1. Across the stretch 147-164, which residue is nearest to the chain's Cα centre (by Cα) among those that are hydroxyl-bearing (Ser, Thr, Tyr) and surrounded by fewer than 18 Cβ atoms within 10 Å (Cβ to Cβ)?
2. Return yes or no: is Gly212 open to solvent by 10 Å² or more (accessible area, probe 1.4 Å), in contact (Cβ under 8 Å) with a residue 12 or more places away in the chain, of a type outside the set (D, E, K, R) and part of a loop (DSSP other than H, G, I, E, B)?
3. Quick check on the stretch 57-71: of everything there that is of a type outside the set (Gly, Ala, Ser) and not in a helix (DSSP H, G or I), which residue is surrounded by the most Cβ atoms within 10 Å (Cβ to Cβ)?
4. For the stretch 236-246, which positions are open to solvent by 50 Å² or more (accessible area, probe 1.4 Å) and more than 12 Å from Asp55 (Cα to Cα)?
5. Test Ala40 against the criterion of being more than 18 Å from Gly223 (Cα to Cα) and in contact with a Gly (Cβ under 7 Å, 6 or more places away or on another chain), and give yes or no.
6. Select from the stretch 1-41 the residues that are part of a helix (DSSP H, G or I), among the β-branched types (Val, Ile, Thr) and either open to solvent by 50 Å² or more (accessible area, probe 1.4 Å) or at pLDDT 80 or above (or both) and list them in ascending order.
7. Taking only pairs six or more apart or across chains, which ones have beta-carbon atoms under 6 Å, a first residue in the stretch 20-37 that is closer than 23 Å to Trp56 by Cα, and a second residue that is part of a loop (DSSP other than H, G, I, E, B)?
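The values are calculated or read from the model by the stated rules, or taken from the named source; none is laboratory data. Computed from a prediction, not measured in an experiment: that's the story for all the values here. Heads up, the Cβs are rebuilt from the backbone with ideal geometry, glycines too, and the neighbour counts pull from every protein chain shown. Just so you know, the surface numbers come from the protein's heavy atoms only, side chains and all, with ligands and any DNA or RNA stripped out. Shrake-Rupley method; radii C 1.70, N 1.55, O 1.52, S 1.80 Å.
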Amino acid sequence: MRWDRRGKTLVMLALSVLVVAAVVIAGAVAEEAARTTALAERNGPPSVAHWFGTDWLGRDVLARVLAGLRLSLVVGTSAAVVSAVIALVLACAATMGGPRVDAAVGWLVDLFLALPHLVLLVLLAFALGGGTQAVVIAVAVTHWPTLTRVLRGQARQVVGSDYVAVAAQLGRGRWWIAREHVARHLVGHFLVGTVLLFPHAILHEAALSFLGLGVDPAEPSIGVLLAESMRFLSAGAWWLAVLPGACLLLVVKAVDGIGENLRALLDPRSHHR
């Protein structure tokens, strides 16, 4: 039974990775088509020639969705990795830096968790002037607290173990223990936490782009597509909003599946919780 459960988890993980990889490849191929206009075919409904229809400039919506999802994955990956690195550094510092550093990190975590998340995102993106770089920074700066709390708890368990006590008695310094024992023990949690940050980063990138504070409006971002669709929904052009939104949810679910299945493989006990 255990092997069957592990095999099922591996299959689900492979399928999720395959979906995300297919989106990235298809998005790169569709870059040119996403920018090609055909005014004679604007606001066309889904058809054999254009599966997702066309927008107000006659551009193929499917090509723009694929290119937008690829852009969202790139932005989400960058933001999630930066945020996870911040969480890892703070967790190690809190564990090995002494009571004052631990208290300071705990205070920062509580402060960021207490602030309204979306409001903080909007304020940071606005203060940074908008654009792709501003989105990456805003998402990275606001998504580390929960992962920091998890890594901090795991790091405390490692520090309280016997082999760390032996290393300290042998004269090893705090930062050697942090690098050789604490950080290495946190690798699995770090990888899973990074992947699980992706869905939040992707959705918040789309939200900021929808509000006009995200990526360049000329880029085929999902948020930009949804913002543009608002002008034509009353005219019955439902495909401009429904199909990009459904594809965004599908990709978010696939990325979330990668994280959940990866956690089940690295920590089998989490599969039973």
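1. Ser161
2. Yes.
3. Asp60
4. Of everything in the stretch 236-246, those that are open to solvent by 50 Å² or more (accessible area, probe 1.4 Å) and more than 12 Å from Asp55 (Cα to Cα) turn out to be Val242, Ala246.
5. Yes; evaluated as a whole, the condition is true for this residue.
6. Val11, Val17, Val19, Val20, Val23, Val24, Ile25, Val29
7. Here the result reads Ala34/Pro220; Thr37/Leu57; Thr37/Gly58; Thr37/Arg59, each pair linking the stretch 20-37 to a residue that is part of a loop (DSSP other than H, G, I, E, B).
Residues checked against (1) hydroxyl-bearing (Ser, Thr, Tyr); (2) farther than 22 Å from Ser83 by Cβ; (3) crowded, with 22+ Cβ neighbours inside 10 Å:
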| position | (1), (2), (3) |
| --- | --- |
| Val166 | no, yes, no |
| Arg174 | no, yes, no |
| His181 | no, yes, no |
| Leu203 | no, no, no |
| Leu225 | no, yes, yes |
| Ser234 | yes, yes, no |
| Leu250 | no, yes, no |
| Asp256 | no, no, no |
| Leu262 | no, no, no |
